[in-house]
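So the structure is just underneath, and the comments pick up after that.
FYI, it's all coordinate maths here, none of it is from the lab. Values in this document were obtained by computation on a predicted structure and should not be read as measured data. For neighbour counting, all protein chains shown are included, and Cβ atoms are generated from backbone atoms with ideal geometry for every residue, glycine included.
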């Protein structure tokens with residue numbers, strides 16, 4: 001069967017901050033939900049993190065609940081990752097309860113595909129950068145070794161080696177762009193022979209590269225306006241995982257992109 005995944009990232013619900021037009025998040029999320037229900041009809045939704053623009057604990061909790069309610073109103077299972085902004089005022093232990101997560105990093109089988117949700121806030125550094133801890137990597141190695149079927153990985157921070165020198169923020173903060181210990185994670189993916197694709201957000205733009213036969217895709221933010229002439233991109237992604245290992249990705253909105261591999 002083909003597994004259909006609706007993918008949304010960097011929603012940044014809240015007040016506007018720099019290029020993150022958080023005041024537009026809920027109307028754009030409403031549009032995303034309608035597209036999912038009326039046209040794409042996914043088997044599940046994955047939220048890659050940074051649901052909010054962090055302000056204070058009470059407000060952040062409320063906005064997390066607001067985003068969760070809208071996403072779950074689509075009527076299919078929703079899987080959540082942590083972004084760096086999500087954890088600044090609301091700790092992981094509390095968010096596990098808010099979001100119904102089984103752990104800070106976790107895996108689940110859906111439609112014959114093993115989905116791995118990594119936590120690149122393990123730990124967060126300087127409020128923006130991300131890390132995969134040695135403990136998490138040990139868990140990842142064991143999780144990959146435990147099965148034989150196809151795997152898709154999700155992580156807020158990118159795990160490839162993309163060049164951020166053209167990015168307005170990351171060109172001067174390169175250590176904040178990509179996950180620390182990403183090389184070790186990639187080695188585990190390649191050694192397993194199971195990983196069909198790796199998806200990330202955080203950068204707010206689209207990027208694709210293939211490393212050792214595995215496509216690494218960074219997909220654009222729902223609300224960022226830095227690449228769309230001051231208007232929020234309204235970006236979300238549709239992922240098809242077909243039998244035989246083919247991966248088809250379509251990014252909708254103001255930064256469209258299509259990608260198929262192999």
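How far apart, in nanometres, would the label points at residue 17 and residue 260 be if each is projected 7 angstrom from Cα along the Cα-to-Cβ direction? For the pair residue 17/residue 260, the computed spacing is 4.0 nm.
From the alpha carbon centroid of the range 45-66 to that of the range 164-195 is 24 Å.
Here the Debye sum runs over all C-alpha atoms of the chain as equal scatterers in vacuum, and log10 of I(q)/I(0) at q = 0.08, 0.17 Å⁻¹ comes out as -0.27, -1.43.
Taking the square roots of five times each eigenvalue of the Cα gyration tensor of the range 75-147, the equivalent ellipsoid has semi-axes of 22, 17, 9 Å, listed largest first.
Per-residue ellipticity at 222 nm for the chain, helices alone: DSSP H runs ≥ 4 residues times -39500 (n - 2.57), over residue total, nearest 500 deg cm²/dmol? All intermediate terms of the calculation are to be shown ahead of the outcome.
Working: 5 runs with 58 residues, N = 262.
Theoretical 222 nm ellipticity from helices: -7000 deg cm²/dmol.
Here, the range 1-74 has an Rg and a Dmax of 12.9, 44 Å when only alpha carbons are counted.
Of the Cα atoms belonging to the range 207-262, the radius of gyration and Dmax stand at 12.7, 41 Å. Each principal axis of the Cα cloud of the range 1-152 was evaluated for its coordinate range; sorted largest first, these ranges are 45, 40, 26 Å.
Kindly work out what percent of the DSSP beta bridges joining two residues of the chain are antiparallel, to the nearest 5. Please report the intermediate quantities before stating the final value.
Details: 29 of 52 bridges.
The answer is about 55 percent antiparallel.
Each residue in 51, 186, 31, 20 was given a count of other beta-carbon atoms within 10 angstrom of its own, and listing them fewest first yields 31, 186, 20, 51. The convex hull drawn around the Cα atoms of the range 121-211, when projected onto a plane and averaged over every direction, covers 5.7 nm².
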